[in-house]
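See below for the structure under consideration.
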Amino acid sequence: MVITNNDLVNNKYKDLINIKFIDGNYRDVLVFARDKIHEGYELLTHPLSSSVKPNETPFKSLIISDLKGELNLDSVIVIENSIMTYDKFNKVNIRFNEKVIGDFKLIDLTVLESALNI
Amino acid sequence: MKLELGYIYIKDIQFGETSKVENGIIYVNKDELKSIILEDQNLKSVEFDLAKPGESVRITPVKDVIEPRVKVEGPGGIFPGMLSKVETVGSGKTNVLKGAAVVTTGKIVGFQEGIIDMTGPGAEYTPFSKLNNLVMICEPIDGLKQPEHEKALRFAGYKAAAYLGELAKNITPDETETFETLSVTEGMKAYPELPRVAYVLMLQTQGLLHDTYVYGVDAKRIISTLIYPTEIMDGAIVSGNCVSACDKNTTYHHLNNPVIHDLFEQHGKTLNFVGVIITNENVYLADKERSSNWSSKLAEFLGVDGVIISQEGFGNPDTDLIMNCKKIEAKGIKTVIITDEYAGRDGSSQSLADADVSANAVVTGGNANEVINLPKLDKVIGHINYVDIIAGGFDGSLHEDGSITVELQVITGATNEMGFNKLSAR
């Protein structure tokens, strides 16, 4: 399942794969994923993918397993560490223009697609 | 495999009527080079500028830095799989225009980064302020998508570097240096008493502006493998990534990998430098498991006593770094890791996004969150209005007087994780 707040990802793949679109920010995506992981879903991609820092890009897409199993401790550690890392970055208050917003979405999409292998 | 590098020391670069290298000066015929670059139909225009050490010049946003080299003897050509055929490089002779570089700039995406200041406090943080740089400002044709734009710009850099390198083909070098890697069995016989050491070189591989290529192959698609260190000196590995400029390896870094140079320096004296294992930093966690399994397996297979691991980037690669370290240590092989830190502006936060007790020998390239003030410089090559929206820039980064307040992460090579920088703690 892809969890994303990036509408570019959602619009491109919503009819093709299992997507949960989050109407929220980067952290909301991480928190939703964390909750699912605690239910027993496995984390499949790194939550801090891309070198565009979490305090710069508003967009995040990540993948968890479609099926729920036993609690995966590795997944728990990675997602919890990622949320802690997210929280340590100084937040920026830049109003990005449409072009930059679109570029952030595109980078998030290409990084996700490197894992989707599509 | 044995390679002789011939250094031709460059003290100046100028535009001229005929492209040539003479008495340590590179002369560039702009029009001739322009026509070569514009053979790419995805590029609308290209402008050239020069940036020399000490000049009041700021280059931004930097995409790649490339050292001009040329094969003089031996199989293959520079940048195999990209410009040259995929023949195995790394033997024979290669000439190097030492002290010069091609720097590519361009606004592929709206948020940008990568600053090289040729003077002032910023210059101290980037090794490229010490070079005679030919800067290229390329504009794509209208409507070109970002991935094609990125590729066009990347190749423009290689072509310009190869063009300059070609000028050095028939020049007698000022100095030569020879690097040789013996086969595993020959090495063991030659240095039976010395500890055997390999280098695990991690390559950034995540997507657009986050990629690296090995003999033309997108390194996302490789499994960890072996490469002779001298192949890398001939451009077998090139950079396609620049986001978060402080800890990304430009092509220049790969060509001049300081870990490789230092291991060769000690080779036969205090250690036996066995070779290089390259591995990637994919987003998919199963890829990370597979790649780190393979790098540890190869280290075991080579029978080494110790390994140096260098990282590229932050966050996602921290996990690859720790996996490599943990798995190689578990095979009874000592590791030293080279990384950098995102420890907050005061340096007090957790440095890495992952950790393990086996990572007990760590070299840091510095804290990328450290804030620095860069004064206004007389000339900007590139696009300064992007400084507000680069990694490490923030609201109000660009002041009215033209100075900027930024985190170190904007400066190309500032906290490089091969150790090709000046930040250190002694």
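The values are calculated or read from the model by the stated rules, or taken from the named source; none is laboratory data. Just so you know, these numbers come straight off a predicted model, no measurement behind them. Here Cβ is always computed from backbone atoms with ideal geometry, including for glycine, and neighbour counts include all displayed protein chains. Note: accessible area is taken over every heavy atom of the protein model, side chains too, but ligands, DNA and RNA are not part of it. Shrake-Rupley method; radii C 1.70, N 1.55, O 1.52, S 1.80 Å.
The set of residues in the range B:96-113 being closer than 18 Å to residue B:3 by Cβ and open to solvent by 10 Å² or more (accessible area, probe 1.4 Å) consists of B:98 alone. Quick one: in the range B:362-395, of everything that is open to solvent by 40 Å² or more (accessible area, probe 1.4 Å), away from chain A (no Cβ under 14 Å) and under 18 Å from residue B:111 (Cβ atoms), which residue is modelled with the lowest pLDDT? Restricting to residues being open to solvent by 40 Å² or more (accessible area, probe 1.4 Å), away from chain A (no Cβ under 14 Å) and under 18 Å from residue B:111 (Cβ atoms), the top hit is B:384.
Against the condition more than 24 Å from the chain's Cα centre (by Cα), crowded, with 20+ Cβ neighbours inside 10 Å and away from chain A (no Cβ under 14 Å), how does residue B:304 come out, does it pass? Criteria met by residue B:304.
Does residue B:188 satisfy the condition of being under 30 Å from residue A:104 (Cβ atoms) and not in a loop (DSSP other than H, G, I, E, B)? For residue B:188, the condition - under 30 Å from residue A:104 (Cβ atoms) and not in a loop (DSSP other than H, G, I, E, B) - is not met. Residues in the range B:138-181 that are in a strand (DSSP E or B), of a type in the set (A, V, I, L, M, F, W, C) and modelled with pLDDT of 95 or more: B:179 only. With respect to the conditions (1) closer than 25 Å to residue B:407 by Cβ; (2) more than 9 Å from chain B (Cβ to nearest Cβ); (3) touching a strand residue (DSSP E or B) at 6+ places or on another chain (Cβ under 9 Å), residue A:58 lacks only one, and its number is (3).
Checking the structure you have, find out if any residue of the range B:91-106 is within 14 Å of another protein chain (Cβ to nearest Cβ) and outside any strand (DSSP E or B). Checking the range B:91-106: at least one residue is within 14 Å of another protein chain (Cβ to nearest Cβ) and outside any strand (DSSP E or B).
Condition check ((1) hydrophobic (A, V, I, L, M, F, W, C); (2) out of contact with any Ser or Thr (no Cβ under 6 Å at 6 or more places or on another chain); (3) in contact (Cβ under 8 Å) with a residue 60 or more places away in the chain) across all residues:
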| residue | (1), (2), (3) |
| --- | --- |
| B:1 | yes, no, yes |
| B:7 | no, yes, yes |
| B:10 | yes, yes, yes |
| B:17 | no, yes, no |
| B:22 | no, yes, no |
| B:39 | no, yes, no |
| B:43 | yes, yes, yes |
| B:51 | yes, yes, yes |
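Could you check, for the range B:267-288, whether at least one of its residues is within 14 Å of chain A (Cβ to nearest Cβ), of a type in the set (Lys, Arg) and either closer than 21 Å to residue B:237 by Cα or crowded, with 24+ Cβ neighbours inside 10 Å (or both)? Yes, that holds for at least one residue. When the criteria are applied in full, residue A:116 fails the requirement of being open to solvent by less than 20 Å² (accessible area, probe 1.4 Å) and within 12 Å of another protein chain (Cβ to nearest Cβ). Among the residues making up the range A:30-74, a single one is open to solvent by 30 Å² or more (accessible area, probe 1.4 Å), modelled with pLDDT under 95 and within 18 Å of residue A:87 (Cβ to Cβ): A:58.
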